[in-house]
1. Compute the normalised compactness of the stretch 106-200: alpha-carbon radius of gyration over 2.2 N^0.38 Å, N being the residue count.
2. Across all directions of projection, what mean area in square nanometres is found for the Cα convex hull of the chain?
3. Evaluate the charge dipole of the chain about its Cα centre and quote only its size in Debye, nearest 20, assuming +1 on the Cβ of each Lys and Arg and -1 on the Cβ of each Asp and Glu.
4. Which value, in Å² and to the nearest 10, is the accessible area of MET108 when all protein chains are kept and the probe is 1.4 Å?
5. Once ligands and nucleic acids are excluded and a 1.4 Å probe is used, how much of ILE131 is accessible, expressed in Å² to the nearest 10?
6. Positive end of the dipole of the chain, charges at C-beta (+1 Lys, Arg; -1 Asp, Glu), about the Cα centre: which of ASN197, SER56, LEU104 has its Cα farthest in that direction?
7. Would you list which aspartates and glutamates come within 16 Å of LYS153, measuring only between C-alpha atoms, while excluding same-chain residues fewer than 8 positions from it?
8. Round to the nearest 10 and give me the degree value, 0 to 90, for the angle of helix 57-83's Cα axis relative to the longest principal axis of the chain.
Amino acid sequence: MSYPRRPSRASPGGAQWTHFLNIFLMVLIIRSGYQVRTQQKPPAYWTPKRGGKKISITLWLHQSLDILWLANGLIFAVLLFSSGHWMRIVPTSWEVFPNAASALLQYMTLSWPVETGWVNYNSLQQLMYFIVVFIAAPIAAVTGARMSEFWPKDAKTLNRIYPVEAARALHFPTMLFFVLFILIHVFLVFATGALRNLNHMFAGTDEVNWVGFWLFAAAIALTAAGWFAARPIVLAPLARLFGKVSSR
């Protein structure tokens, strides 16, 4: 019996763009989500053109970013499965758990595992990427949809089966998981061979040079620009394209 050959590249072709967009969108989603959770008086409100519930412009931004993030995730999923790279992040043996525990001990003692991500992931990486792509991301999407204004409020049976309280109880911890994952992920990228790892992620090559670093720096600069641009004076003209913006 022949088995499909595992891809030798770190990520499917074109995934570098989805990786950049994921960074950009996730940072702004986390920021706007935190603002929605803590904001007492929104700076402005948005109402759909066709009528509907008035929501804060911050919530409008959060939900708009969510839609873009879902579209980016769908593109990544297509690339992942069409290229066969899904085999790299889907565990196929129970041995992944003891092997992941062993890799975790190596990380905790700063004795980095010897695997190179260009060839294959170690068990802990495989397990974490599987959780992020196939568990945490769907949970974030499903709970976010339940809490959004797009959810059918008159579907009594559906709302009884899936109450909004359950979505809220899962959505915020999922965001905290993503924050923790991003922080650890970035730390390990730089601690275990920054130039090569950044080339894997942003340049699509296994070479050791500064191309991936400068692409990463550009991604951070664009993300920072998006962070500072996400203000009512910039958001209001964009929001008016899709509805009415008011001060109260």
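1. Against the empirical 2.2 N^0.38 Å value, I get 1.47 for the stretch 106-200.
2. Numbers: hull surface 66.7 nm².
Averaged projected area of the chain's Cα convex hull equals 16.7 nm².
3. 1300 debye
4. MET108 exposes around 140 Å² with every protein chain in place.
5. Accessible area, nearest 10 Å²: 50 Å².
6. Sorting the options by dipole projection puts first SER56.
7. Within the straight-line cut-off, LYS153 pairs with GLU165.
8. So the helix axis and the longest Cα principal axis differ by about 30 degrees.
The values are calculated or read from the model by the stated rules, or taken from the named source; none is laboratory data. Predicted, not measured: the structure shown is a model, and the values here were computed from it. Cβ atoms come from the backbone with ideal geometry, glycine included; neighbour counts cover every protein chain shown. When the accessible area is computed, the model is the full protein with side chains, heavy atoms only, and any ligands, DNA or RNA have been set aside. Shrake-Rupley method; radii C 1.70, N 1.55, O 1.52, S 1.80 Å.
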